[in-house]
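The values are calculated or read from the model by the stated rules, or taken from the named source; none is laboratory data. Please read these numbers as outputs of a predicted model, since none were measured by experiment. Note that we place each Cβ from the backbone using ideal geometry, even for glycine, and neighbour counts take in every protein chain shown. These accessible areas exclude ligands, DNA and RNA; they are computed on the full protein's heavy atoms, side chains included. Shrake-Rupley method; radii C 1.70, N 1.55, O 1.52, S 1.80 Å.
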Amino acid sequence: MNTVAGIFRSRQDAERAIENLRRSGIADEHLNLLTPGTTGEELDAVVPTTETEQPGMGGALGGWLGAALGATGGMHIGAAVASLLVPGVGPVFAAGVLGAALLGAGGAAAGAAAGSTLEDEGVTGMPHDELYVYEDALRQGRTVVIAVLDDDAQAETARGILAQSGVESIDAARENWWLGLRSAEEEEYAGQGGDFKADEAAYRRGFEAAQHPHLRDKSYEDATERLKARHSEAYETPAFRRGYERGQSYQRSLKEKHRG
């Protein structure tokens with residue numbers, strides 16, 4: 001599977017990109033949209049969600065999905081989930097099986113209703129490593145489009161369509177996210193007596209590792225085995241560990257900001 005994603009400044013631009021992807025022959029079930037700003041009242045009007053939803057409820061609520069899609073201005077992607085809370089972001093509406101599953105992957109979404117397919121942890125193509133980039137975009141009021149495609153040719157077509165639609169690439173968004181944090185992280189690291197310029201690559205890698213939904217709220221010690229498997233050449237370095245611990249602090253600060 002090939003995952004192609006991009007960020008748009010407005011939902012309208014994202015919806016136009018979705019329509020262009022459709023016209024190219026990409027089926028609805030491969031398309032996903034994440035958009036902020038849908039109010040709790042709007043969601044409650046179309047999807048009966050609670051923060052204590054029990055496993056197995058997805059299938060029973062499947063009939064509500066079409067109405068929920070209408071709340072986002074006429075989107076008709078094949079499945080949807082209403083998220084009442086993404087920490088540090090607020091209300092987010094996810095249209096599409098992947099987008100819905102992704103928001104809930106690491107406990108990021110509370111009070112979600114979706115088709116039973118989302119209860120299958122084997123949903124393919126989920127770009128967990130990019131979730132924090134999507135969340136940052138949503139915090140800024142932007143909309144994310146994700147296409148999960150069967151082959152390289154479709155993926156190349158999708159990239160071209162998104163580029164023509166004025167998309168910001170995920171790589172560019174990731175760099176902008178880090179630039180927004182870099183000065184504070186450099187100051188903190190230098191204050192601990194470290195050489196940030198020499199250690200930035202390892203430090204940033206640790207910081208980004210802490211953003212993975214499966215590692216959030218896990219101490220370095222608790223995450224060691226996973227970090228070893230994914231970052232074998234770097235995870236034991238002091239700079240990586242310090243970056244990981246600061247990344248955990250960053251996640252906690254986002255949660256506190258949302259509570260406040």
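Does GLU225 satisfy the criteria of being over 19 Å from GLU130 (Cα atoms) and part of a helix (DSSP H, G or I)?
Yes: the conditions hold for GLU225.
Could you list, in sequence order, all residues of region 214-244 that are hydroxyl-bearing (Ser, Thr, Tyr) and either in contact (Cβ under 8 Å) with a residue 24 or more places away in the chain or under 16 Å from ALA198 (Cα atoms) (or both)?
SER219, TYR220, TYR235, THR237, TYR244
I need every pair where a residue in region 178-205 that is open to solvent by 70 Å² or more (accessible area, probe 1.4 Å) has its Cβ under 7 Å from the Cβ of a residue that is of a type in the set (A, V, I, L, M, F, W, C), sequence separation at least 6 or different chains.
ARG205/ALA234; ARG205/PHE240
For region 126-138, indicate whether the set of residues that are within 22 Å of ARG216 (Cα to Cα) and hydroxyl-bearing (Ser, Thr, Tyr) is non-empty.
Yes, region 126-138 contains a residue that is within 22 Å of ARG216 (Cα to Cα) and hydroxyl-bearing (Ser, Thr, Tyr).
Scan (1) assigned to a loop (DSSP other than H, G, I, E, B); (2) open to solvent by 80 Å² or more (accessible area, probe 1.4 Å); (3) farther than 23 Å from GLY88 by Cα for the single condition ASP217 breaks and write down its number.
For ASP217, the failing item is (3).
Being assigned to a helix (DSSP H, G or I) and either in contact with a Leu (Cβ under 7 Å, 6 or more places away or on another chain) or open to solvent by 70 Å² or more (accessible area, probe 1.4 Å) (or both) is the filter here, so list the residues in region 130-152 that pass it.
LEU131, TYR134, LEU138, ASP152
If I ask for residues that are β-branched (Val, Ile, Thr) and at pLDDT 95 or above, which ones from region 1-17 would you list?
Hit for region 1-17 is ILE7, nothing else.
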